Amino acid sequence: MDESIFDALMAGRDTAVAIVTTAAGGRRAGCLIGFLSQCSIEPRRIAIWLSKANHTYRIGLTAKYVAVHFPTAEDFALAELFGTLSGDDVDKFERCRYESGPGGVPLLVDCPNRIVARRVALLDDGSDHVCITLDPIEAHGGRGDALRISALEGLVAGHSATDTAPDEA
Ligand SMILES: Cc1cc2nc3c(=O)[nH]c(=O)nc-3n(C[C@H](O)[C@H](O)[C@H](O)COP(=O)(O)O)c2cc1C
């Protein structure tokens, strides 16, 4: 398989990014994602893919609720915060405004376009990301054009997909 053609085809989709937040055991987590899709019509469901290297994945494993925020072009700074820093090193929630939603899931005040959802299933197919399906319980929208991955060129992810979790290192 020609990986450069694969990469170009996928980049051509210019996916709208999202910021996923969650909480479990009194710990908050959140990261920027490009891997997101609606995956059912009735009932409406969405799927997200989290890197096994990420702090958000480890908290998400036992979380009941997930909030998926849809940043607009004006939300570059929030996308940078959640995409380039890791909860393994810093508390991202000390650097942004949030309020608590169901199960303590942090809701980003400055990013009101969002779906709050219950976690349904988790699929680990042995690759470096896991798929989590979500059952929406709230949706809020109406603000601005989606922030797309092409606007984030140059950002370096807080964790590369090949990083190992701190307790595994
Ligand atoms: C443009 C962009 C897209 C990303 N897409 C994903 C993604 O789909 N899934 C994921 O788990 N991480 C993705 N990341 C990486 C995480 O957002 C990043 O490693 C983050 O710092 C992890 O934070 P955490 O360790 O606190 O969870 C992406 C990063 C960038 C810059």
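The values are calculated or read from the model by the stated rules, or taken from the named source; none is laboratory data. Since the model is a prediction, treat every value here as computed from it, not as a measurement. Backbone-built Cβ (ideal geometry, glycine too); neighbour counts: all protein chains shown. The area values use the complete protein model at the heavy-atom level, side chains included, leaving out ligands, DNA and RNA. Shrake-Rupley method; radii C 1.70, N 1.55, O 1.52, S 1.80 Å.
Quick notes on this structure:
- Considering only TYR65, GLY30, VAL17, and ranking their Cα positions along the charge dipole of the chain that arises from unit charges at the beta-carbon of Lys, Arg, Asp and Glu, the one farthest toward the positive end is TYR65.
- Taking 0.36 nm per residue of separation and subtracting the Cα-Cα distance, full extension of the segment from ARG97 to LYS64 would add 9.7 nm.
- Prolate is the label for region 1-86, because a/c, from the alpha-carbon gyration tensor with a ≥ b ≥ c as root eigenvalues, is 1.5 or above and a/b exceeds b/c.
- Alpha-carbon centroids, region 118-169 and region 1-67: separation in whole Å: 2
- Computed label-point distance, nm, for sites GLU3 and ARG143 using a 7 Å Cα→Cβ extension: 3.8
- Entry note, the chain: relative contact order of 28 percent, from Cα contacts under 8 Å with a spacing of 6+ residues.
- Taking a ≥ b ≥ c as the square roots of the Cα gyration tensor eigenvalues, region 1-156 comes out rounded, since a/c falls below 1.5.
- Those chymotrypsin sites (Phe, Trp or Tyr not before Pro) in region 1-98 that DSSP places in a loop and that have at most 13 other beta carbons within 10 Å: none
- Lys/Arg +1, Asp/Glu -1 at C-beta; the chain dipole; positive extreme among VAL109, ALA47, PHE6: VAL109
- Residues SER51, SER37, ordered by accessible area of protein heavy atoms at a 1.4 angstrom probe radius and largest first, appear as SER37, SER51.
- Helical runs assigned H by DSSP (4 residues or longer) give the chain a calculated mean residue ellipticity at 222 nm of -4000 deg cm²/dmol, each run adding -39500 (n - 2.57) before division by the residue total.
- Accessible-area value, HIS159, 1.4 Å probe, nucleic acids and ligands omitted, Å²: 40
- Extended-chain gain in nm, criterion 0.36 nm per residue less alpha-carbon gap, ASP124 and ALA157: 9.7 nm
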